[in-house]
Amino acid sequence: MMSKRIVVIGGGAAGMMAAICAAEQGGAVTLLEPNERLGKKLNITGKGRCNVTNNADLETLLANTPRNGKFLYSAFSRFDGRDAMAFFQGLGVPLKTERGNRVFPVSDRAFDISGALERRLKALKVVLVRDRALSLELADGAVRGVLGERRAYPAEAVILATGGVSYPATGSTGDGHRMAAEAGHTVTPLQGSLVPLQGVLEKGGPCVRLQGLSLRNIGLTVFENQKKIYTDFGELLFTHFGVSGPLVLSASAHMRHFDKKTYRLEIDLKPALDEQTLDRRLLSDFEKHANSDFRNALDDLLPQKLIPAVVEGSGIPPHQKVHEITREQRRELLHLLKHFSVVISAPCPVSDAIVTSGGVKVGEINPTTMESKLVKGLYFAGELIDVDAYTGGFNLQIAWATGRTAGIAAAQQEL
């Protein structure tokens, strides 16, 4: 009996997982990837450390997937974060769990994850072809194969796993969305999630004056139309266009309605001190610098680069002597230090994003198999689908779970 021919388009996280699972089920699998190496985006995740997954159960995974999480219920039920950990440990990669249940290879090397997947593909005799898929070959409502730049690849099942349109340098070209649309699928608008943000200081002008300033151990609160929607603690970076850094990328996933709503970030520059303690600290610093100009009295409290913006934002004249500062002026300064605001105008372009929000409409995909409801034998996996999650290993978990579901279903589907 002939093995079922399965073509997987895309050698990223979801594509490699789909190819492995299809081959384990006895499929004759061909993996098409135009890049010189597999897992190009995977290798740069987690700053090259690879946040493989989150040590989490089904409920936690769904709670961290704000966009169409319900669609993933079946895939996550069969393969959650702990299953992913067992899978990679079974491939010989020791893992560790860090803050926020983020899971990394003990070696802190993303290449250990992609390398383990490549070895498994080789052991299963998956045929890797360096070729770019141009179009799907369809007939009578079913997929018949893939046309590549180099040749055609006949198949009884095709798994589209080309990724989104974030990080175009890694090969995310949007080809998959185009092929899905040509096959009759709806592709919802694509925008960045986990993306830097454009904005200006609410008091103190453009962010460019703070460009390059990194603030560690600060508190961040996101307001949507004046309503608090998200709060976190960590590191933020000012850029020429606005703000970036781990805190901002996480926060951006919660900011989804720039067309209809306004957004503002509030930075607590001293989260370890409550207002009374910070006020005592200010009084002590002011005593020390009693005869100095106000602009020279904050050196012990703030990074040098931040001082001019805080002085301007406080409304206290820079050359006012410290001993002349009134209680009211000090209160304004105190409020600014605990609520340093950045007004956000827009997310950066999707090409700057870590993941793509939007994609193939989930209502047109069977959630238990990842098969197209429109084209028999066509399956989807990973970032191409209109699902995305917060930072912390959740987006890679989507890739593993949907890739596994698609691979198994494609191999088991009756011809």
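The values are calculated or read from the model by the stated rules, or taken from the named source; none is laboratory data. Remember, predicted model here, so these are calculated numbers, not experimental data. Don't worry about glycine lacking a Cβ; one is built from the backbone with ideal geometry, like all the others, and counts go over all protein chains shown.
Return the residues of the range 34-57 that are among the acidic types (Asp, Glu) and under 22 Å from the mean Cα position of the chain (by Cα); say none if nothing qualifies.
Step one: filter the range 34-57 for residues among the acidic types (Asp, Glu), giving 36, 57.
Hit for the range 34-57 is ASP57, nothing else.
In the range 295-324, how many are within 43 Å of the chain's Cα centre (by Cα), more than 24 Å from VAL208 (Cβ to Cβ) and of a type in the set (A, V, I, L, M, F, W, C)?
Residues in the range 295-324 being within 43 Å of the chain's Cα centre (by Cα), more than 24 Å from VAL208 (Cβ to Cβ) and of a type in the set (A, V, I, L, M, F, W, C): 1 in total.
Name the residues in the range 50-103 that are at pLDDT below 95, within 20 Å of GLY359 (Cβ to Cβ) and not small (Gly, Ala, Ser), would you?
ASN64, THR65, PRO66, ARG67, ASN68
Can you find, within the range 230-260, the residue that is surrounded by the fewest Cβ atoms within 10 Å (Cβ to Cβ) among those that are under 17 Å from the mean Cα position of the chain (by Cα) and among the hydroxyl-bearing types (Ser, Thr, Tyr)?
TYR230
For the structure I just gave you, tell me whether SER341 is under 30 Å from MET179 (Cα atoms), crowded, with 17+ Cβ neighbours inside 10 Å and touching a residue at least 60 places away in the same chain (Cβ under 8 Å).
Values: under 30 Å from MET179 (Cα atoms): no; crowded, with 17+ Cβ neighbours inside 10 Å: yes; touching a residue at least 60 places away in the same chain (Cβ under 8 Å): yes.
When the stated conditions are applied, SER341 does not pass them.
Might you let me know whether the range 353-365 holds any residue that is touching a Lys or Arg at 6+ places or on another chain (Cβ under 6 Å) and within 22 Å of LEU136 (Cβ to Cβ)?
Yes, the conditions are met somewhere in the range 353-365.
Give just the number: which of (1) surrounded by 15 or more Cβ atoms within 10 Å (Cβ to Cβ); (2) among the aliphatic types (A, V, I, L, M); (3) more than 23 Å from VAL322 (Cα to Cα) does ALA272 not satisfy?
(1)
Exactly one of these conditions fails for ALA86: (1) within 21 Å of the chain's Cα centre (by Cα); (2) under 13 Å from TRP400 (Cβ atoms); (3) free of Cβ contacts under 8 Å to residues at least 12 places away in the same chain. Give me its number.
The number of the failed condition is (1).
Residues to consider are LEU72, LEU42, LEU32; find the one that is closer than 17 Å to THR405 by Cα, in contact with a helix residue (DSSP H, G or I) (Cβ under 9 Å, 6 or more places away or on another chain) and surrounded by 16 or more Cβ atoms within 10 Å (Cβ to Cβ).
Details: LEU42 fails: closer than 17 Å to THR405 by Cα; LEU32 fails: closer than 17 Å to THR405 by Cα.
Among LEU72, LEU42, LEU32, only LEU72 is closer than 17 Å to THR405 by Cα, in contact with a helix residue (DSSP H, G or I) (Cβ under 9 Å, 6 or more places away or on another chain) and surrounded by 16 or more Cβ atoms within 10 Å (Cβ to Cβ).
Could you please tell me which pairs satisfy a Cβ distance under 9 Å, a separation of 6+ or placement on different chains, a first residue in the range 319-334 that is assigned by TED's automatic domain parsing to the domain that holds GLU275 and among the β-branched types (Val, Ile, Thr), and a second residue that is exposed (fewer than 14 other Cβ atoms within 10 Å of the Cβ) and part of a helix (DSSP H, G or I)?
Matching pairs, first to second residue: VAL322/GLU287; VAL322/LYS288; VAL322/ASN296.
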